[in-house]
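Below: the structure, in structure tokens.
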Amino acid sequence: MFGFDENMIFRIPALLIALTIHEYAHARVAVWLGDNTPRMMGRLTLNPIAHLDPFGLIMLWLFKFGWAKPVPINPNNFADWRKGNILVSLAGPISNVIVAFVAAITYGALYKLHLLSSGIAMIISFTYSYNLIFAVFNMIPLPPLDGSKVLMNLLPGRQAYFFERIEPYAPFILMALVLFNMINVFIGPFYSALDFIINQLVGKIL
């Protein structure tokens with residue numbers, strides 16, 4: 001499981017694309033909503049180095065589940081801080097679904113044009129799968145994932161505060177869920193649903 005992966009050369013670009021687009025989308029939406037904190041912190045960029053979290057990247061590399069360095073925001077700069085938090089949180093997963101859709105369209109178009117080499121096919125396939133995984137995984141309602149931020153801004157104050165306090169332990173909870181293969185209970189159905197919808201749309205377009 002932890003040995004050399006011959007597909008790693010194709011997985012790395014896909015990982016970096018999924019991670020970078022996800023975090024850039026958070027930063028971009030925050031800036032659109034009036035908070036320049038991501039720009040000042042150097043996060044409004046498509047440079048993947050700015051977004052890497054070592055532990056999250058290792059999890060991605062080994063288990064295909066992980067996270068990047070959270071984009072810093074100041075909700076006080078939003079006209080509506082609760083709505084702003086929700087929109088910024090949703091931006092990452094939504095951007096990953098869009099990238100997966102673009103990857104599927106690109107794959108299908110290149111295949112029809114007989115321009116799909118094996119290497120390009122692998123990179124596009126991994127880009128597709130990693131972006132869908134990123135989208136679904138990050139909507140798990142555990143801090144610091146995006147799903148938890150959406151939930152915290154929908155919960156009443158006391159419950160939101162309690163939920164926020166488990167954040168330091170969340171990476172270990174996530175690791176346990178991955179190691180014991182329990183995370184697929186959440187990931188599997190949503191991944192399959194998105195995969196079906198995207199393939200249906202691509203089939204109608206191409």
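Could you please find all residues in region 104-116 being within 17 Å of Ala14 (Cα to Cα) and open to solvent by 60 Å² or more (accessible area, probe 1.4 Å)?
First pass over region 104-116, keeping only residues within 17 Å of Ala14 (Cα to Cα): 104-107, 116.
Result: Tyr107, single match.
Within region 146-202, track down each residue that is surrounded by 11 or more Cβ atoms within 10 Å (Cβ to Cβ) and of a type in the set (Phe, Trp, Tyr).
Tyr161, Phe162, Phe163, Tyr169, Phe186, Phe190, Tyr191
Among the residues of region 4-57, what is the count of those that are farther than 13 Å from Ile73 by Cα and out of contact with any Gly (no Cβ under 9 Å at 6 or more places or on another chain)?
Of the residues in region 4-57, 21 are farther than 13 Å from Ile73 by Cα and out of contact with any Gly (no Cβ under 9 Å at 6 or more places or on another chain).
If the Cβ limit is 7 Å and pairs must be 6+ apart or interchain, which residue in region 37-56 that is closer than 22 Å to Ile173 by Cα pairs with which residue that is aliphatic (A, V, I, L, M) and at pLDDT below 95?
Once the first residue is closer than 22 Å to Ile173 by Cα and sits in region 37-56, its partners that are aliphatic (A, V, I, L, M) and at pLDDT below 95 give Leu52/Ala68; Asp53/Ala68; Gly56/Ala68.
What are the pairs, 6+ residues apart or on separate chains, where a residue within region 99-122 that is farther than 20 Å from Phe134 by Cβ has its Cβ under 6 Å from a residue that is assigned to a loop (DSSP other than H, G, I, E, B)?
From residues that are farther than 20 Å from Phe134 by Cβ, the pairs are Gly108/Leu206; Leu110/Leu116.
Just checking, how many residues over region 168-206 are more than 18 Å from the chain's Cα centre (by Cα) and charged (D, E, K, R)?
1
Residues Leu174, Leu154, Leu142, Leu194: which one is out of contact with any helix residue (DSSP H, G or I) (no Cβ under 7 Å at 6 or more places or on another chain), in contact (Cβ under 8 Å) with a residue 12 or more places away in the chain and either under 21 Å from Val97 (Cα atoms) or not in a helix (DSSP H, G or I) (or both)?
Numbers: Leu174 fails: either under 21 Å from Val97 (Cα atoms) or not in a helix (DSSP H, G or I) (or both); Leu142 fails: out of contact with any helix residue (DSSP H, G or I) (no Cβ under 7 Å at 6 or more places or on another chain); Leu194 fails: out of contact with any helix residue (DSSP H, G or I) (no Cβ under 7 Å at 6 or more places or on another chain).
Only one candidate passes the filter, namely Leu154.
Do you know which residues across region 47-91 are part of a loop (DSSP other than H, G, I, E, B), at pLDDT below 85 and either among the hydroxyl-bearing types (Ser, Thr, Tyr) or open to solvent by less than 20 Å² (accessible area, probe 1.4 Å) (or both)? Outline the logic, then answer.
So the first thing to find is which residues in region 47-91 are part of a loop (DSSP other than H, G, I, E, B), and the list is 47, 52-53, 64-74, 78-80.
Subsequent filtering for residues that are at pLDDT below 85 retains 53, 64-68.
Matches in region 47-91: Gly66, Ala68.
Determine, yes or no, whether Ser129 is hydroxyl-bearing (Ser, Thr, Tyr), open to solvent by 20 Å² or more (accessible area, probe 1.4 Å), closer than 17 Å to Leu57 by Cα and modelled with pLDDT of 90 or more.
On the way: hydroxyl-bearing (Ser, Thr, Tyr): yes; open to solvent by 20 Å² or more (accessible area, probe 1.4 Å): yes; closer than 17 Å to Leu57 by Cα: yes; modelled with pLDDT of 90 or more: yes.
Answer is yes for this residue.
The values are calculated or read from the model by the stated rules, or taken from the named source; none is laboratory data. Because the structure is a prediction, the values reported are computed rather than measured. Quick reminder, even Gly has a Cβ in these numbers, built from the backbone with ideal geometry, and neighbours come from all protein chains shown. Accessible surface areas use protein heavy atoms only, side chains included; no ligands, DNA or RNA. Shrake-Rupley method; radii C 1.70, N 1.55, O 1.52, S 1.80 Å.
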